[in-house]
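Asker: I have a structure here, written as structure tokens, and I will follow up with some questions on it.
Laboratory data are not the source of any read-out in this text; all were calculated from the coordinates shown. Being a predicted model, the structure only gives us computed values, none of them experimental. Cβ: placed from backbone, ideal geometry, glycine included. Neighbour counts: every protein chain shown.
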Amino acid sequence: MMKFYALLLLIFPCILLAQEELLIEHLPNTINTYDAEFNFVQKDENTGYYTASREEEGIYKSSIYSSIFKYNTWGKGKYSVFNSDNFSTGNISFSTVDGRTYFDICKGDNCNIVYVEKNKTIGFNRIKAIELKGTKNKQPNISKYGTQQVMYFVSDRAGGYGGLDIWLCMIDQNGTFGAPINVGAKINTDSNEITPFYNQREGVLYFSSNNKKGKGGFDIYRASGKLNLWKYPKNVSELNTEQDETYLTFYTETKGHFSSNRKQARYRKNEYCCMDIFSFEYRKIIESGLIQKIALNLPLTLYFHNDEPDCCTMRTTTEKNYKDAYISYFKMQEEYLRMTNNTVINSFFEDSLKNNFNHLELVLEAIYQSLLNGEKIELLIKGFASPLYDSRYNINLSKRRINSLINYLSLYNNRILVSFIESKKLIITELPYGESKASEKVSDNPNKKQQSIFSIEAMLERKIVIVGVKNQ
């Protein structure tokens, strides 16, 4: 696995000093085949689209496929509705402003960009403002500048700097396209510049070029700026090889995809023949001694409403996860305030219940990064209950509360901790205490709910506590 390191700031205060690591993964065989796959674009957290080129009766034809992210992997690609029997289709891009879907259609060497209106899957609309007989126009990328949308695209039309150039076209609020504008000599050269992607978060244009300054083939470059005003591009060297790297897209600030025919790409006979899709992620990693630093942020206490989760049962497990319990509890703030008329309740809900849940997210991220570094971790979790009901019931209630956190760990961030739990690299030790540690000042009278359920003293007893973390 290829890795790149650079010094960064702290991930979050008082927990760890971080570096950055680039992780590159080859997408599974449900996406990548022995043919060519490229231009992977995530429309949302669980939906991706990409282009695949397949040989049909001796002729290669490109089509758009969709895939669903489930069980921590991308599922088998399905033939998309954005295809045509008469054309090769590909290079999809989605507008977040007006909901249009853009892609290019090709027949032989004749390529043009079309779009489909929001919530429609048929009715290709041509963009006459950029069509020019005898030229290729393809690879649209839709972004936004001010109140206007911008479409970056690739063309070999006259007025460029040689080969394929990157151009732009402004789209006004009525959806009308302006005349094509070359993005300029700082981006385009006498070689080929292709696959533009403008990252609005950074204000950076990513693209690929086969100029002679790269590592070989097409390399990915980045340039800060906008429209046709750019700084000189820099080679994104950590992503590039001696083969071709193209179609970089970001989905989040740190995650995205690109295409390459590098050594890991699949092939039948000729190595380096065909593009495959790869994911990348810039991750914050943790220096040695992380376990001790995480321990400085413990204990961490998480609270529950009375008799939650799963009222009135002797079961020791639950189908609920802690996030469910937290949300339902937080929604009861007004009821607690009404029952007690105690303004301390507001402080509890904001400073203890809410803030501790947010802190849990940070601690879990640190634990995950530590597991990636090869650490083996044991979490020690205590469970408690208020003195309502009998001791046996409260022991089982404590177990359910711990189990709800384990369920949340399994679901956390698209189940990224599951493999570590199953391989016992992450071990959870349960310590259910029930009511045995409860304060004697807390009422155990079910007929006095103001004291036994809604008082701040009772609220502080209904909890689980992550008391420690140990390196195995």
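Asker: Enumerate the calculated ³J(HN,Hα) couplings along segment 148-153 in order (Karplus 6.51 cos²θ - 1.76 cosθ + 1.60, θ = phi - 60°), each rounded to whole Hz, writing x wherever the residue is Gly or Pro.
Answerer: Calculated HN-Hα couplings, in order: 10, 8, 10, 10, 8, 8 Hz.
Asker: Residue by residue through segment 231-243, which ³J(HN,Hα) values in whole Hz follow from phi under the Karplus form 6.51 cos²θ - 1.76 cosθ + 1.60 (θ = phi - 60°), with glycine and proline marked x?
Answerer: With the stated coefficients, segment 231-243 comes to 7, 5, x, 10, 6, 7, 4, 5, 9, 9, 10, 6, 9 Hz.
Asker: Would you work out if segment 57-212 is rounded, prolate or oblate? Take a ≥ b ≥ c from the square roots of the eigenvalues of the alpha-carbon gyration tensor; rounded if a/c is under 1.5, else prolate when a/b is larger than b/c, oblate otherwise.
Answerer: Judged from the Cα gyration tensor, segment 57-212 comes out rounded (a/c under 1.5).
Asker: Now a separate question. Would you please calculate the Kirkwood hydrodynamic radius of the chain over all C-alpha pairs and express it in Å, rounded to one decimal?
Answerer: Evaluated over the chain, this radius sits at 25.7 Å.
Asker: Another question, if that's okay. Starting with the fewest neighbours, write out 459, 332, 314, 170 ranked by other beta-carbon atoms found within 10 Å of each beta-carbon.
Answerer: Going from least to most buried by this count: 314, 332, 170, 459.
Asker: While we're here: Taking a quarter of the surface of the Cα convex hull of segment 290-471, what do you get in nm²?
Answerer: 10.1
Asker: Under 13 Å from the Cβ of residue 344, count the other residues' Cβ atoms, weight Lys and Arg +1, Asp and Glu -1, and hand me the total.
Answerer: Within the 13 Å Cβ shell, the charges total -3.
Asker: Continuing with this model, one more query. What are the ³J(HN,Hα) values, in whole Hz, obtained from phi via the Karplus relation 6.51 cos²θ - 1.76 cosθ + 1.60 with θ = phi - 60°, for each residue of segment 384-390 in sequence order, with x given for Gly and Pro?
Answerer: Ordered by residue, 3J(HN,Hα) equals 9, 9, 6, x, 5, 6, 8 Hz.
Asker: Nearest 5 percent is fine: what portion of the DSSP beta bridges confined to the chain is antiparallel?
Answerer: Once the DSSP bridges in the chain are tallied, antiparallel ones form about 95 percent.
Asker: Kindly identify segment 18-286 as rounded, prolate or oblate by the Cα gyration tensor criterion: order the square roots of the eigenvalues as a ≥ b ≥ c, call it rounded if a/c is under 1.5, otherwise compare a/b with b/c, prolate if a/b is larger, else oblate.
Answerer: It is rounded, given that a/c, with a ≥ b ≥ c, falls under 1.5.
Asker: If the chain between residue 147 and residue 23 were fully stretched, how many nm would it gain, using 0.36 nm times the residue separation less the Cα-Cα distance?
Answerer: The residue 147-residue 23 span can extend by a further 41.1 nm.
Asker: Hey, another quick one. Using r as the Cβ-Cβ distance of residue 418 and residue 132, and R0 as 41 Å, what FRET efficiency do you calculate, to the nearest 0.05?
Answerer: It comes to 0.20.
Asker: Multiplying the sequence separation of residue 33 and residue 328 by 0.36 nm and subtracting their Cα-Cα distance, what value in nm do you get?
Answerer: Contour length minus the Cα-Cα distance gives 101.7 nm.
Asker: Among all the lysines, which ones have a C-alpha under 30 Å from residue 128's C-alpha, if same-chain residues fewer than 8 places away are not counted?
Answerer: Cross-link targets: 43, 61, 107, 118, 120, 136, 138, 144, 186, 226.
Asker: A follow-up question, please. If I stretch the segment between residue 445 and residue 86 completely, what's the gain in nm (0.36 nm per residue apart, minus their alpha carbon distance), one decimal?
Answerer: That pair, residue 445 and residue 86, stretches by 121.6 nm at full extension.
Asker: Sorted by mean Cβ packing within 10 Å, highest first, what order do the peptides 361-374, 59-72 take?
Answerer: Highest mean packing first, the order is 361-374, 59-72.
Asker: Cα gyration tensor of segment 166-282, axes a ≥ b ≥ c as square roots of the eigenvalues: rounded (a/c below 1.5), prolate (a/b > b/c) or oblate?
Answerer: In terms of gyration-tensor shape, prolate.
Asker: If you average the alpha carbon positions of segment 29-87 and of segment 205-272, how far apart do those two centres end up, in angstrom?
Answerer: Centre-to-centre (Cα) distance: 20 Å.
Asker: To continue, here is another question. Calculate the spin-label point distance for residue 76 paired with residue 181, positioning each point 7 Å from the Cα along the beta-carbon direction, and give it in nanometres.
Answerer: In this crude spin-label approximation the distance works out to 4.7 nm.
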